[in-house]
1. Say R0 is 30 Å: what FRET efficiency, to the nearest 0.05, do residue 96 and residue 51 get from their beta-carbon distance?
2. Rounded, prolate or oblate: which fits the range 33-83 when a ≥ b ≥ c are the square roots of the eigenvalues of the alpha-carbon gyration tensor, with rounded for a/c under 1.5 and prolate only if a/b beats b/c?
3. What does the C-alpha gyration tensor say about the overall shape of the range 83-183? Classify as rounded when a/c is under 1.5, otherwise prolate if a/b is larger than b/c, or oblate.
4. Taking other Cβ within 10 Å of each residue's Cβ, how do 139, 153 sort, fewest first?
5. So what is the relative contact order of the range 83-134, in percent, for Cα pairs below 8 Å that sit 6 or more residues apart?
6. I need the shape label for the range 74-131. Rule: rounded when a/c is under 1.5, else prolate if a/b > b/c, else oblate, with a, b, c from the alpha carbon gyration tensor.
7. Could you work out how far apart the two model spin labels at residue 151 and residue 121 are, taking each label as a point 7 Å from the Cα in the direction of the beta carbon, and quote it in nm?
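Bear in mind these aren't lab numbers, they're just calculated from the coordinates by the rules spelled out. Not measured: the values here are computed from a predicted model. Here Cβ is always computed from backbone atoms with ideal geometry, including for glycine, and neighbour counts include all displayed protein chains.
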C-alpha cells in the first residue's frame, strides 16, 4: 500500500463523525475480555463463627462450591469444619499455560517447624477457545490437624496468618485469601511460654 493510500485512510478515519468513532471503539472493546470486569474470587476465613465466606463474580461459565452449581456472581457461607472445593469458568485468552499452586498459611508463632493454619490449592487450565477453569480447595485448621509446614515448600507460597489478604491471580482473574489471626489469649499464653523457656535456660546456665 502506497504512502498516499495510507495517508488517505488515516485522513478518512479521522474525519468520521464522533458517534461513529465511539461505536467502532466500543465494538473493539467487546472483542477482548475487559480487565475491569475480570472474574474475581475471595475466600474469607476471618469469622469467629467458624465459617468460611466465598465471594465470586463475573464467572461467565458458572461457579460451583462443593458440587453445588451457583450463579455467575454471588456469595456463599459454609462451615470451616470440612474441606471446601470449588470450580469456576471465565473467559480469558486462548492457549494459556496451565497453572498449579498450593498456598500455606502458618501460625504467627516463631518455630523451627511452623504449624500450618490453612492450605489453599488451585489449578487453572484454559481451552483453545479461551475458556479458563479454576478448580481448587481450601482446608482450615479448625481441628488443629494440619501438622507442620513441609520442608520442600516454596517460600513464595508460605504466608504468616496475620489477618492480611494473600493475593493470587491469572489472566483476567483476581483472587484473595484472608484468614483469621490467633485470639489474644492464645498469644498471651505463647508469650508466657517463651518467657518461661528463656528463664529456664538462663537458670540452667547459672548452675
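1. About 0.35, to the nearest 0.05.
2. Oblate, since a/c reaches 1.5 and b/c is not below a/b.
3. In terms of gyration-tensor shape, prolate.
4. 153, 139
5. Numbers: 86 pairs, mean separation 24.8, N = 52.
Worked out over the range 83-134, it gives 48 percent.
6. Oblate, since a/c reaches 1.5 and b/c is not below a/b.
7. A separation of 2.1 nm, rounded to one decimal place.
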